[in-house]
Amino acid sequence: MEFYEALRRRRSIRSYRAEAVPEKALSRLAEAIRLAPSACNNQPTRFLFISDPEIRRRLCACYPRAWLAAAPVIVAALGNTETAWRRFDGSSAHVIDTSIAMEHLVLAAAAEGLGTCWICAFDQQAARQALRLPECWEVVALTPLGFAAEEPAEQSRKPIDETIERLA
Ligand SMILES: Cc1cc2nc3c(=O)[nH]c(=O)nc-3n(C[C@H](O)[C@H](O)[C@H](O)COP(=O)(O)O)c2cc1C
């Protein structure tokens, strides 16, 4: 799929078919994540592609939605607070770095004809415990991954002149 078409066609998908995601598509998505830029190229991210039933059960308890539990793959996007670059005020770039890689995944999935949905409204501490992660790893976002069982309408966006300003 052409890049701008993938941008236009991406939607947050909240209904999934049971059909497995092809291994070749998973490999291409992994490469899209790997290519993401990060501050100072520190690459403080790790993405878990979860199909293990017990881990999924624990993770879904942190965000109990049937559509998440039904997706063939659940992806957890992790950021490392110890290895991420820090701004001069000490704040960590791990959320920015992880979000960039997450959006690479989301757009690559759209290009593959696969659905995703950014999820941040979960209990981060509980998710870290569900995944048995040490303190340095923050679960920045989750997404289901699979073939969509719905075609949601396009959500509205602000007009360009409220979003982009040209200072020429
Ligand atoms: C940072 C972020 C967090 C989000 N968290 C959630 C969430 O917890 N649950 C959910 O159902 N959707 C979540 N969304 C999806 C948004 O609701 C969705 O992107 C927005 O309504 C626009 O719809 P669209 O993605 O179909 O264009 C999140 C999106 C972003 C970018």
ask   = What helices (runs of 4 or more DSSP H), lying completely within the stretch 1-66, carry at least 3 residues that are within 16 Å of the ligand (Cβ to nearest atom)?
value = 3-9
note = Within the stretch 27-80, the residues that are of a type in the set (S, T, N, Q) and open to solvent by 50 Å² or more (accessible area, probe 1.4 Å) are S27, N41, N42, Q43, S51
ask   = Looking at the stretch 85-140, which of its residues are among the acidic types (D, E), open to solvent by 20 Å² or more (accessible area, probe 1.4 Å) and touching a strand residue (DSSP E or B) at 6+ places or on another chain (Cβ under 8 Å)?
value = E138
message = Can you name every one of the helices (runs of 4 or more DSSP H) wholly within the stretch 91-168 that holds 3 or more residues which are more than 22 Å from I74 (Cβ to Cβ)?
response = 160-163
request  = Could you please tell me which pairs satisfy a Cβ distance under 7 Å, a separation of 6+ or placement on different chains, a first residue in the stretch 149-168 that is under 21 Å from R9 (Cβ atoms), and a second residue that is away from the ligand (no atom under 16 Å from the Cβ)?
outcome  = A149/R17
inquiry  = Among the residues of the stretch 29-42, are any within 20 Å of P134 (Cα to Cα) and in contact with a strand residue (DSSP E or B) (Cβ under 9 Å, 6 or more places away or on another chain)?
reply    = yes
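The values are calculated or read from the model by the stated rules, or taken from the named source; none is laboratory data. Bear in mind the structure is a predicted one, so any value in this text is a computation, not a measurement. A quick note on method: Cβ atoms are made from the backbone with ideal geometry, for glycine too, and the neighbour counts reach across all protein chains shown. Note: areas computed on protein heavy atoms with side chains; ligands, DNA, RNA excluded. Shrake-Rupley method; radii C 1.70, N 1.55, O 1.52, S 1.80 Å.
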